[in-house]
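These notes are about the structure you will find just below.
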Amino acid sequence: SSEVSMVKSVEANRGVSYGLQHVFSKEARVAIVPLGYADGVDRRLGLVGGQVLIGGVRRPMRGVVTMDQLIVEVTDGPEVQVGDEVVLLGGQGGEQIPAQEWADLLGTITYEVVCRLSTRIPRRYVSSGPHS
């Protein structure tokens, strides 16, 4: 997980991230999350439909994931603020993003998705089994 480090508006017809590969057709709000491919988040996730959870709501990543940041569109839904928790994989509220979802988007297996995540990303292990 991580936290939102910045929330800003993006004008219509403006692009974001490397190569401006995502252009917003209308004015949008985006959250900047200080995680990137240096942390093991695949660069392609914002181009292939990858999502994260903020406030228990699925939010789409936009553009290419950069070395130390990813961009999340937060135009619709509840207001997002600096400091809000961002869940990459796992659950928040009643929503879940399983590793299999990212694996399917990237054409790989779940082991590759989770093994590449660096130790710079804080982890929270949750179990509901008999030893929890």
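Values in this text are rule-based calculations from the coordinates and carry no lab data. Only a predicted model underlies this, so the values are computations on that prediction, with no experimental measurement involved. Glycine gets a Cβ as well: all are built from the backbone with ideal geometry, and neighbour counts include every protein chain shown.
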Q: Taking the dipole about the Cα centre of region 2-115, with the C-beta of Lys and Arg at +1 and of Asp and Glu at -1, give me whichever of I71, V16, V41 is farthest to the positive side.
A: V16
Q. If you stretched the chain out fully between E85 and R124, how much longer would it get, using 0.36 nm times the residue separation minus the C-alpha to C-alpha distance?
A. 12.8 nm
**Q.** Within the chain: Cβ-based charge dipole about Cα centre, in debye rounded to nearest 20 (Lys, Arg +1; Asp, Glu -1)
**A.** 200 debye
Q: With a cut-off of at most 15 other beta carbons within 10 Å, and DSSP calling the residue loop, which GluC sites (Glu not before Pro) in region 42-90 qualify? Please list them.
A: E79
Q | Cα gyration tensor shape for region 2-115, rounded if a/c is under 1.5, else prolate or oblate | A | oblate
Q. So what is the calculated 222 nm ellipticity per residue for the chain, using -39500 (n - 2.57) for each DSSP H run with n of 4 or more, over all residues, to the nearest 500 deg cm²/dmol?
A. -2500 deg cm²/dmol
Q | Largest-first principal axis extents of the Cα set of region 69-129 (Å) | A | 33, 30, 24
